[in-house]
Amino acid sequence: MDFLTIFAVYVVVILACIVLVCKYSGQQQTPFGLIFNCISRVTAPFIPEWLQRLSQRSLHSLFHQRNRIFIYLHLLLELLAYGEFSYEVFGFCRDMDTTLTSLSVPYILLAVKTYLFYLCVTTDPGTVTQANVSGQLRIYPYDDRMFHPGVPCPTCQLVKPARSKHCRVCDRCVQRFDHHCIWVNNCLGARNTRYFLLYLMSLCAMAGSMALLTADMLLHAVLRSGLLRSSYVDEQGQRQQAGPLFVIQHLFLTFPRIVFMLGFLVFVCLLLAGYALFHSYLALVNQTSNEWYKSRGLVCQHCHPGNSAKSADSLCDPAPNHSRRHFYSQGLWRNLGEIFFPLCPVHKKDN
């Protein structure tokens, strides 16, 4: 029972971390940041300066510069999960006469996901340049709330089209900017949001299919062993009928790697499902992550130390008008069409 209690605490902690990540994602002040800053202040006097500088440079390189470390980490996690699945679960499922069609589903989804992942990494998200800025200025109207006409980008020195934003990591303005994803090492904008949405769904389906086959394998292992009809002697010397808790503990001791993989797949699937549903909702209402955060008052590109209080108040409404949150929504089907068939720059005809 002690083992199961520890496992229950582990599950609660992981789920709590997932909830906190989803709740505070995109906010500038989060419990994680406050805890990290507090720990840094306490431990700073005891850490050599060269180690502090190395840590700062490493964190800056990981989260504020383009790099492929998270791509490699993503591929490594997939390799470990598929290696364990193929090595132990696949053969056991074949012995249970599971059809090859069912067993091939995770591998087909892996191929689809890999192709979509490649498109997310390599597709230009819709960079705003001197050559195309005039056309992109006419794609979307300004809402005069989050996006204002005539506002130049301080870095690119170009007038910012509506719904665009300058990415500090990629150092470019992106049309219909959603966010910068470290896992694909690229911005998500007008031209590759469709690939990212499909990539999330395929990744969630891939983890879910592997989890279902693994759970089915463990279920058949329990049924074949006859554990549900067995009994054991407890600490008081009393004979007890084997229940679900006893079966779970037996599986942990008999198939530790497979059970750990199943838990990892379930957690990943739940997290990805929530994230995919969030982006699906944004697609249905024609809103980007950047606009969603701004509409909640979490992020505002106009509020920076250089602005006076008066100019900040004139640009940023402290009490957002939620009725205008979906300013760019044009109906369900048009919103989806805009995701999968991005709007092209409009060019004026010569008179």
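For the full complex of protein chains and a 1.4 angstrom probe, list ARG68, ARG53 by accessible area with the highest value first.
Largest accessible area first, the residues go ARG68, ARG53.
Taking each pair of distinct Cα atoms in the stretch 114-190 once, what is the resulting Kirkwood hydrodynamic radius in Å?
After inverting the pairwise mean of 1/r, the radius is 12.9 Å.
Can you send over the carbon and sulfur percentage of the accessible area for the stretch 111-231, probe radius 1.4 Å, protein chains only?
61 percent
How high is the FRET efficiency from THR155 to TYR115, r the C-beta distance, R0 30 Å, rounded to 0.05?
0.35
The values are calculated or read from the model by the stated rules, or taken from the named source; none is laboratory data. Computed from a prediction, not measured in an experiment: that's the story for all the values here. Every residue, glycine among them, receives a Cβ derived from its backbone with ideal geometry; neighbour counts consider all protein chains shown. To get the accessible areas, we keep the full protein, side chains included, count just its heavy atoms, and leave off ligands, DNA and RNA. Shrake-Rupley method; radii C 1.70, N 1.55, O 1.52, S 1.80 Å.
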